[in-house]
Each structure stands twice: as C-alpha cells, then as structure tokens.
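I have placed the structure first, in the form of structure tokens, so that the comments after it can refer back to it.
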Amino acid sequence: MKKERNIFKKGKHIKNFSIVDNKIYKSELSVASIGLLGILLSKPQDWVISKQYFIDNHSLSRRDADKIFIELIDKGFMTREQGKKTKENQSGVSYKAYEETIIVDLTK
C-alpha cells in the first residue's frame with residue numbers, strides 16, 4: 001500500500017529561508033511560543049525585540065504577547081533586562097532570544 005504524502009516541501013532553498021534547530025520543536029514550548037521564537041530567530045542579530053512589534057504586525061493581544069514572552073523566558077529561550085529608558089527604548093527593557101536554552105543566574 002502506497003503511503004499518502006502529507007507534507008510538501010519546496011525543495012532546496014537558495015534565499016529567503018531560515019534554519020532552526022529541531023530542538024525548539026521538541027521542547028515543551030507552546031505552539032504560539034515556537035512560532036514567535038521562529039520569527040525572532042529569522043531576524044538579523046541586531047534586530048531589536050519588541051512586544052509591540054508582534055502586537056502591531058502579528059495580531060497578538062498585549063495579554064498573549066506577555067504570556068508568550070514569559071513562557072520563552074521561563075523556559076530559557078529568552079532573557080529580559082531592565083536598563084535605562086531612552087528615546088529609542090521608552091520602557092528601558094531589552095530582550096535577547098536564544099536558539100538553545102540558557103541557564104540564567106537569578107542571584108545577580
């Protein structure tokens with residue numbers, strides 16, 4: 001009996017694609033967090049992470065964005081640092097996203 005094909009791949013990609021480690025998909029992250037992390041990892045390394053970007057461009061509510069960011073931080077895929085407020089960053093909060101989980105020293 002012939003197996004039915006359920007996943008269709010384009011083939012070899014030459015441009016406009018991202019490579020993401022499969023560990024992310026095997027993690028305990030929710031589907032929403034996997035999606036947001038995938039978007040973050042597709043951005044340039046100097047891209048400034050902003051909750052507002054996802055609210056404005058990806059139809060997320062503030063509550064959903066907060067929930068996803070908290071999950072990514074709790075699972076070690078993101079860090080949050082409070083810095084000085086600037087003209088460019090009015091909240092003073094900066095985020096960093098990681099392809100692999102990290103251990104954060106909470107005693108600092």
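The numbers here are math on the coordinates, done by the rules we state, and not lab data. A quick note: this is a predicted structure, and the numbers were derived from the prediction, not measured. Glycine gets a Cβ as well: all are built from the backbone with ideal geometry, and neighbour counts include every protein chain shown.
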(message) As a quick test, which of the pairs LYS26/LYS85; LYS26/LYS87; LYS26/LYS84; LYS43/LYS84; LYS12/LYS43; LYS43/LYS75 have an alpha carbon distance above 29 angstrom in this structure?
(response) LYS26/LYS85; LYS26/LYS87; LYS26/LYS84
(request) Quickly rank 67-75, 42-50 as a protection proxy: mean count of other C-beta atoms within 10 Å, highest first. (result) 67-75, 42-50
(message) So if I restrict to the alpha-carbon atoms in the chain, what is the Rg, and what is Dmax, the biggest pairwise distance, in Å?
(response) 16.7, 64
(request) Compute from the Cα atoms of the range 1-64 the Rg and the Dmax, the latter being the longest Cα-Cα distance, and quote both in angstrom. (result) 15.5, 51
(message) With an 8 Å Cα cut-off and a minimum separation of 6 or more residues, compute the relative contact order for the chain in percent.
(response) 24 percent
